[in-house]
Amino acid sequence: MSDQVNLKAEKRDDMGSAAVGRLRRGGKIPGVVYGSTQESYAVQIDTSTIKNLLRNSASQQILVNLQIEGAKETNKLALIQDVQQHAISGDILHIDFNAVKEDSEIHARVPIELIGDPVGIKQGGILDTLLHDIEVHCLPKDLPAALKFDVSELDIGDSLSIASAEFPEGVSAALDGEVLIAIVNETRAALSEGEDEGGEEGEEEGEGEGEDKEGQSEDGKESS
C-alpha cells in the first residue's frame with residue numbers, strides 16, 4: 001500500500017483569472033477539493049511542496065491527507081485526481097483533489113513495474129511492455145504505490161495478462177482479464193535469420209535438383 005502523505009493547503013476565497021495569476025506569481029498553485037458527499041471548494045498549495053511530492057512518486061494519482069487551513073474540516077483524505085500542466089513549460093497550473101472515505105472504494109491509475117529478466121530473452125527474445133499503468137479498484141488503505149509483476153518465467157511467445165497477474169490483496173483491475181500487460185516476442189533479427197536459413201535451404205535443394213536434371217539430359221544425349 002502507498003503511504004498517506006500529509007499535504008498542507010489553504011482554503012481560497014479569491015476567484016478569477018487575475019487572482020489566480022497573483023497566486024501563481026506568489027509561489028502557490030490553485031486547486032479544488034470535491035467529492036460525492038460534499039460541496040466543492042477552492043484551495044491553494046505551495047508550488048515547491050507539490051512539485052517535490054510529484055517528483056518522488058511514480059504516479060500523479062497520490063493519496064494525501066489534506067491539512068486545510070481555514071476549512072471546516074481541517075483534515076481531509078483525498079486522491080490527487082488530476083494535475084493540469086502547461087503544454088510547453090510543463091508548469092503545474094491546477095490540481096483536482098477527490099475527497100474520499102476510508103471505507104469507500106476508490107478508482108485510481110497505478111504504474112506497473114515489471115520485475116526480473118524473462119528466460120525468453122536469453123533465447124533471443126525481447127520483452128514488449130503493452131501497459132505502463134492500470135486503473136484499479138480498492139479501498140484507500142489498499143492503494144499500492146506501484147503494481148509489481150514478476151516476468152522472469154516468461155519464454156518466447158509467453159505473455160502476462162490481467163488474469164494471470166498477481167494483484168495485491170484487496171486490489172482489482174478495471175480491465176478485462178484477457179488484456180495483455182507484457183509479452184516476450186522474437187526479435188526481428190531472429191525472425192530474419194530464420195527466413196534466411198529457410199531461403200538458403202531452398203536454394204540448395206533447387207541446385208541439387210538442377211544438377212540431376214542436367215545429368216539426365218546429358219545421359220539422354222549420350223544414349224542417342
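Being closer than 24 Å to residue 11 by Cβ and of a type in the set (A, V, I, L, M, F, W, C) is the filter; apply it to the range 91-133 and report the residue that is surrounded by the fewest Cβ atoms within 10 Å (Cβ to Cβ).
Going through the qualifying residues, I end up with 93.
Being assigned to a loop (DSSP other than H, G, I, E, B) and either within 28 Å of the chain's Cα centre (by Cα) or at pLDDT 90 or above (or both) narrows it down to one of 13, 3, so name that one.
When all the criteria are applied, what remains is 3.
Select from the range 151-181 the residues that are farther than 25 Å from residue 126 by Cα and in contact with an Asp or Glu (Cβ under 9 Å, 6 or more places away or on another chain) and list them in ascending order.
Correct list: 168, 169, 170, 171, 173, 174.
If we keep just the residues of the range 64-84 that are of a type outside the set (A, V, I, L, M, F, W, C) and either in contact with a helix residue (DSSP H, G or I) (Cβ under 9 Å, 6 or more places away or on another chain) or modelled with pLDDT of 90 or more (or both), which is surrounded by the most Cβ atoms within 10 Å (Cβ to Cβ)?
Once the filter is applied, the top-ranked residue is 81.
Conditions: (1) within 22 Å of residue 101 (Cα to Cα); (2) exposed (fewer than 11 other Cβ atoms within 10 Å of the Cβ). Residue 16 meets all but one. Number of the miss?
Tallying (1) within 22 Å of residue 101 (Cα to Cα); (2) exposed (fewer than 11 other Cβ atoms within 10 Å of the Cβ), residue 16 fails exactly one: (1).
Which residue pairs have Cβ atoms closer than 9 Å, lie 6 or more positions apart in sequence or on different chains, and pair a first residue in the range 122-140 that is among the polar types (S, T, N, Q) with a second residue that is part of a strand (DSSP E or B)?
From residues that are among the polar types (S, T, N, Q), the pairs are 123/184; 123/186; 129/112; 129/114; 129/181; 129/182; 129/183.
Can you name the residue in the range 21-43 that is in contact with a Leu (Cβ under 9 Å, 6 or more places away or on another chain) and under 11 Å from residue 93 (Cα atoms) and is also surrounded by the fewest Cβ atoms within 10 Å (Cβ to Cβ) among such residues?
Result: 24.
Could you list all residues from the range 125-135 that are among the hydrophobic types (A, V, I, L, M, F, W, C) and more than 12 Å from the chain's Cα centre (by Cα)?
Of everything in the range 125-135, those that are among the hydrophobic types (A, V, I, L, M, F, W, C) and more than 12 Å from the chain's Cα centre (by Cα) turn out to be 126, 127.
The values are calculated or read from the model by the stated rules, or taken from the named source; none is laboratory data. Treat the numbers as computed from the prediction; the structure is a model and nothing was measured. Note that we place each Cβ from the backbone using ideal geometry, even for glycine, and neighbour counts take in every protein chain shown.
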